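Here the structure is laid out as structure tokens; the discussion comes afterwards.
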Amino acid sequence: MIKRIKSGIPGFDELVGGGIPERSVILLSGIAGTGKTTFAFQFLWEGLKSDENGIYVALEEHPTQVRKNMEDFGWNVREFEEKKKIAFVDAFTSAIGKVKEYEKFIVQDISDINEFTEVLKNAVKDISAKRIVVDSITTLFTSRTPTTPRNILLQLKRTIYALGCTAIFVNQLNTAERGSGGAGIEHLADGIIKLDLTESNGELKRSILVWKMKGTAHSLKRHPFEITSSGIVVFSDRIINL
């Protein structure tokens, strides 16, 4: 019997047999503006409501801005942070200035994958986290580290398996990319969710496609979704033909 993790996104779990298989590493891919970070926020927020503590690794924004962005959707994470239900890893500032006085978990050199995983492990153990979001893993791939993207993902995957967590890795694509980030990382991911923003008849339309999900049957069709004031809603009963 597969234990599943509820995503917290209305309509999505129906696409993957009732939820994401526990202890999976999911690659959430898409171009800018497709809603990847919002999807990741909802995943963590659902965990907080379900007594599954979470870690948000901020690579492209300061944790203070991330907290504000979540609060804009009505998700007040500060009270959960005070109760040690959620923790933020600052992998954005490299502890410049007074940042180290405000953030507990800081990665000073993101090109050092060993330091990165050590800080992540400390954060997970500190609050007994079950869910992890890394936003975005693409930053690690372009941080001048000599380690290849495949080896970075492999090391992180091993760490997350050992910690017993379920993770979403946000993966930023450019508009010219057709896949989900390259054969090396696509092969290692347990699941791949692709968010798209395409033009049709002069209008941009959002759609979601479950490219891969190990351990469970899943929809092979493209479904529309919307980003509302309270987050993402997937229309699992509708299909988009491109």
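Of note, Thr142 satisfies the criterion of being at pLDDT below 95 and open to solvent by 70 Å² or more (accessible area, probe 1.4 Å).
If you check Asn114, Asn69, which single one turns out to be under 19 Å from Leu163 (Cα atoms), not in a strand (DSSP E or B) and not basic (Lys, Arg)? Step by step, each of Asn114, Asn69 is checked, and only Asn114 is under 19 Å from Leu163 (Cα atoms), not in a strand (DSSP E or B) and not basic (Lys, Arg). Taking every residue in the stretch 55-68 that is under 11 Å from Thr93 (Cβ atoms) and pairing it with any residue that is aromatic (Phe, Trp, Tyr) and in a helix (DSSP H, G or I), at least 6 positions away or on another chain, the pairs with Cβ-Cβ distances below 9 Å are Pro63/Tyr102; Thr64/Tyr102.
Candidates Glu14, Glu22: the one that is modelled with pLDDT of 95 or more, within 15 Å of the chain's Cα centre (by Cα) and surrounded by fewer than 19 Cβ atoms within 10 Å (Cβ to Cβ) is Glu22.
In the stretch 145-160, which residue that is in a loop (DSSP other than H, G, I, E, B) and polar (S, T, N, Q) is surrounded by the fewest Cβ atoms within 10 Å (Cβ to Cβ)?
The initial filter retains those residues of the stretch 145-160 that are in a loop (DSSP other than H, G, I, E, B), namely 145-148.
Now restrict to residues that are polar (S, T, N, Q): 145, 147-148.
On the way: Thr145: 17, Thr147: 17, Thr148: 13.
In this case the residue turns out to be Thr148.
Scanning the stretch 15-25 for residues that are out of contact with any Phe, Trp or Tyr (no Cβ under 7 Å at 6 or more places or on another chain) and outside any loop (DSSP other than H, G, I, E, B) yields Leu15, Val16, Ile20, Pro21. Residue pairs whose Cβ atoms lie under 7 Å apart, sitting 6 or more positions apart in sequence or on different chains, and linking a residue in the stretch 132-144 that is farther than 10 Å from Ile168 by Cα and touching a residue at least 40 places away in the same chain (Cβ under 8 Å) to a partner that is open to solvent by 10 Å² or more (accessible area, probe 1.4 Å) and among the β-branched types (Val, Ile, Thr), are Thr139/Ile110; Leu140/Ile110.
Going by the structure shown, is Gly74 outside any strand (DSSP E or B), modelled with pLDDT of 95 or more and either closer than 19 Å to Asp126 by Cβ or not aromatic (Phe, Trp, Tyr) (or both)? Here the answer is no, as Gly74 does not meet what is asked. Criterion applied to Leu173, Leu163 was being at pLDDT 95 or above and under 30 Å from Trp75 (Cα atoms), and the one residue passing it is Leu163.
Quick one: which of Thr93, Thr64, Thr38 is at pLDDT below 95 and not in a loop (DSSP other than H, G, I, E, B)?
Working: Thr93 fails: not in a loop (DSSP other than H, G, I, E, B); Thr38 fails: at pLDDT below 95.
Step by step, each of Thr93, Thr64, Thr38 is checked, and only Thr64 is at pLDDT below 95 and not in a loop (DSSP other than H, G, I, E, B).
Within the stretch 198-241, if we keep just the residues that are β-branched (Val, Ile, Thr) and either under 22 Å from Thr37 (Cα atoms) or open to solvent by 100 Å² or more (accessible area, probe 1.4 Å) (or both), the residue that is farthest from the chain's Cα centre (by Cα) turns out to be Thr198. Could you tell me which numbered condition Lys125 fails, if it satisfies all but one of (1) at pLDDT 90 or above; (2) open to solvent by less than 10 Å² (accessible area, probe 1.4 Å); (3) out of contact with any Phe, Trp or Tyr (no Cβ under 6 Å at 6 or more places or on another chain)? Unmet condition: (2).
The values are calculated or read from the model by the stated rules, or taken from the named source; none is laboratory data. Computed from a predicted model, the values in this text were never measured in an experiment. We place every Cβ from the backbone using ideal geometry, glycine too, and count neighbours over all the protein chains shown. For accessibility, only protein heavy atoms count, side chains too; no ligands or nucleic acids. Shrake-Rupley method; radii C 1.70, N 1.55, O 1.52, S 1.80 Å.
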